[in-house]
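Reading through the structure tokens given below for one structure.
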Amino acid sequence: MVAIFSGKPNMTLPSTNSAAARDAAFVFHPHSNLKAQAETPPIIMTGGSGVYIRDDQGNSYLESAASLGQCSLGFSNERLAKAAYEAISTLGSIHSFRNISNPYLIDLSEKLLSIAPTPMARVMFQSSGSEANDTAVKLTWYYWAAMGKPQKRKIISRDGSYHGNTIITTALNGNPATHLGCGFNFPELLKTDVTNYYRHGKPGETEEQFSQRLVDSLEDLILREDPETIGAFLADITQANSGGLLPPAGYWEKIQALLKKYDILLIADEVVTGFGRTGQRWACEVYGVTPDMVSTAKALAAGFQPISALMLNERVWNVVRDESAKYGGFWHGYTWAGHPVACAVALETIKLYEDEDILGHIQEIAPFFQEQVAALADHPLVGNYQGIGLIGGIDLTDDREKRTVFGPESQLGARLTKAGIRNGLFMRLMGNARIHFSPPFIIEKDDIVEMVTRARRAMDEVNAELR
Ligand code: PLP
């Protein structure tokens, strides 16, 4: 790598000019142990193709989590590169405020609405899943205020969930780690139960009964808080950041009936699941979910452009549209909303998904993927396996009888991550609790065999360290 740093007097200069030293000296990595960063050299990625990515030392890794789930087509793609090049060569940037539009934005909007999980009236673009979910919260408040119920503004999300990193979406995260050190306290943002039947199901309780218990618990919360103060329920249909947790049997049917009973909007977070992850284009389709708003992001442009979308149905759109007249506009949106290059790449991605029948490929390969990953369930570190499409979720346990999670002192998650890397595999660990497999959509059978072989090797090494 060529050093581009020439040095400014007010900066601390790295002692060597290596990329690793410059990274340690200058880069503030998100979601990272900042102190440890100084002692641990970064893994510097320089390229990749298919499901493999390589670093600047010549090592190659199989990406079992498609980076953060966004690299649906792997790590490089000529066709999408051309789409980006053509857009930049023609109209590299323009905003979409106050009725300024561009052909890529119009085409993408039309396309997305034509394939939405349930009928949607409009789509607004942002650059990240966080911003899409944040926008959904703002629209919820706007909607209920317009409906003459400004007090109906509490949002319920679930324990174990992750919806992003804006202030509001962080506060909605049911993952306490993302709140650490910042004193998050928003009384209007409420939490209900995580959907992990393996961990939280009671002995003898069926999945249906577990679902009913979760729904009863949600109803208790709604009644305790007063239904007239609850604006929306925000949920990913399979809980991505709890490690790809599937909803227990009957869950979505019962939840939707409850939301209807108390006139609460449903925001479906399809940031991770959109475009085929579950084996259907949308997780909403798998579980019969009819949301009022849907956010999506990761696979929208195959991870090659930062773009997200929020779709809203007729019910919400009509009210928001009319209300905006009162204020002379809906004063919300980002400079990058409807960015022509991002839209061009997203549009080409969706066309590519269709031309190459990527959904058909996922459906064809999913049974093999499920069978192979499920076979890891016999490993001594594993308590349970569940999965759908190209989602595989493993519950790790130190006691199969009690189903308990390894304690923090075990460093299980960190050990498995490191062992994976030693074995040429990027594995997504949810602390010490779960492994989440979510490879690129283009994964083939021999990649799956290789992925599971490397994962087992890593798990064997860690098991030997711990027992
Ligand atoms: N929603 C879910 C379910 C996610 O998994 C994520 C990110 O992983 C987000 C929202 C936030 O997306 P972003 O990181 O693009 O802001």
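On the principal axes of its Cα set, how long, how wide and how thick is the stretch 43-84? Give whole Å, largest value first.
30, 19, 13 Å, listed from the longest principal axis down.
Going highest first, how would you order 218-230, 235-247, 188-200 by mean Cβ packing within 10 Å?
Working: 218-230: 15.7, 235-247: 25.8, 188-200: 19.3.
Ranked by mean Cβ neighbours within 10 Å, highest first: 235-247, 188-200, 218-230.
What lysines does residue 261 reach when the alpha-carbon gap must be under 26 Å and sequence neighbours fewer than 8 apart in one chain are set aside?
Answer for residue 261, where 26 Å is the Cα cut-off: 138, 149, 152, 154, 191, listed by chain and number.
Hey, can you rank 161-168, 409-416, 83-90 by average C-beta count inside 10 Å, highest first?
161-168, 409-416, 83-90
Using only the Cα atoms of the stretch 343-467, what are the Rg and Dmax in Å?
My reading of the Cα-based Rg and Dmax gives 16.3, 52 Å.
Suppose every K and R has +1 on its Cβ and every D and E has -1 on its Cβ; what is the size of the dipole of the stretch 9-160 about the Cα centre, in Debye to the nearest 20?
On the way: 14 positive and 12 negative charges, 179 e Å.
Charge dipole, the stretch 9-160, about its Cα centre: 860 debye, nearest 20.
What is the list of residues in the stretch 17-47 whose amide nitrogen lies under 16 Å from a point 7 angstrom out from the Cα of residue 414, following Cα to Cβ?
Within reach of a label on residue 414, which here means backbone N under 16 Å from a point 7 Å along Cα→Cβ, the stretch 17-47 contributes 31-42.
Let me check against my output: what whole-number percent is the relative contact order of the chain, with C-alpha pairs under 8 Å and at least 6 apart? The partial results should precede the final answer.
On the way: 861 pairs, mean separation 92.4, N = 467.
About 20 percent, as a whole number.
Among the lysines, which have Cα under 26 Å from the Cα of residue 351 when same-chain residues fewer than 8 positions away are ignored?
Those lysines meeting the cut-off are 82, 111, 298, 445.
To the nearest 0.05, how large is the calculated FRET efficiency for residue 16 and residue 465 if R₀ is 30 Å and r is the Cβ-Cβ distance?
The value I calculate is 0.40.
Once you wrap a convex hull around the alpha carbon atoms of the stretch 103-253, what is its projected area averaged over all directions, in nm²? Intermediate values should be presented prior to the final figure.
Numbers: hull surface 43.1 nm².
Approximately 10.8 nm², given one-decimal rounding.
So, counting K/R as plus one and D/E as minus one, what does the shell of residues with Cβ under 11 Å around residue 299 add up to?
Values: positive: 277, 281, 298; negative: 270.
Overall, the nearby charge balance is +2.
Could you give the length gained by full extension between residue 321 and residue 34, i.e. 0.36 nm per residue of separation minus their alpha carbon distance, to one decimal place? Before the final figure, lay out the partial values.
Numbers: separation 287, 0.36 × 287 = 103.32 nm, distance 4.46 nm.
Result for the pair: 98.9 nm of gain on full extension.
If I take the Cα coordinates of the chain and project them onto the principal axes, what are the three extents in Å, biggest first?
63, 60, 49
Among 178, 451, 204, whose Cα lies farthest out toward the positive end of the dipole of the chain, if unit charges sit on the beta carbon of Lys, Arg (+1) and Asp, Glu (-1)?
178
Residue 93 versus residue 223, label points 7 Å from Cα toward the beta carbon: distance in nm?
Reported label-point gap for residue 93 and residue 223 is 5.5 nm.
Per the Kirkwood treatment, what hydrodynamic radius in Å, one decimal, follows for the stretch 1-160 from the mean inverse distance over all distinct Cα pairs?
Details: mean 1/r = 0.0478 Å⁻¹.
Averaging 1/r across every pair of different Cα atoms and inverting gives 20.9 Å.
Suppose each label sits 7 Å from its Cα in the direction of the beta carbon; what would the residue 379-residue 106 distance come out to in nanometres?
5.2
How high is the relative contact order of the stretch 315-467, given as a whole-number percent (alpha carbon pairs under 8 Å, six or more residues apart)? Display every interim value, and only then the final one.
Details: 169 pairs, mean separation 29.9, N = 153.
This gives 20 percent for the stretch 315-467.
Size of the dipole of the chain about the Cα centre, Lys and Arg at +1 and Asp and Glu at -1 on the beta carbon, nothing else charged, in debye to 20? The partial results should precede the final answer.
Details: 43 positive and 53 negative charges, 207 e Å.
The dipole magnitude comes to about 1000 debye.
At 222 nm, what value in deg cm²/dmol follows for the chain if DSSP H runs of at least 4 each add -39500 (n - 2.57) and the sum is divided by all its residues, to the nearest 500? List each step's numbers first, then the result.
Values: 16 runs with 185 residues, N = 467.
So the helix-based figure for the chain works out to -12000 deg cm²/dmol.
FYI, it's all coordinate maths here, none of it is from the lab. For clarity, every value in this text was computed on a predicted model and none was experimentally measured. Cβ sites come from the backbone with ideal geometry, for glycine too, and all protein chains shown count toward neighbours.
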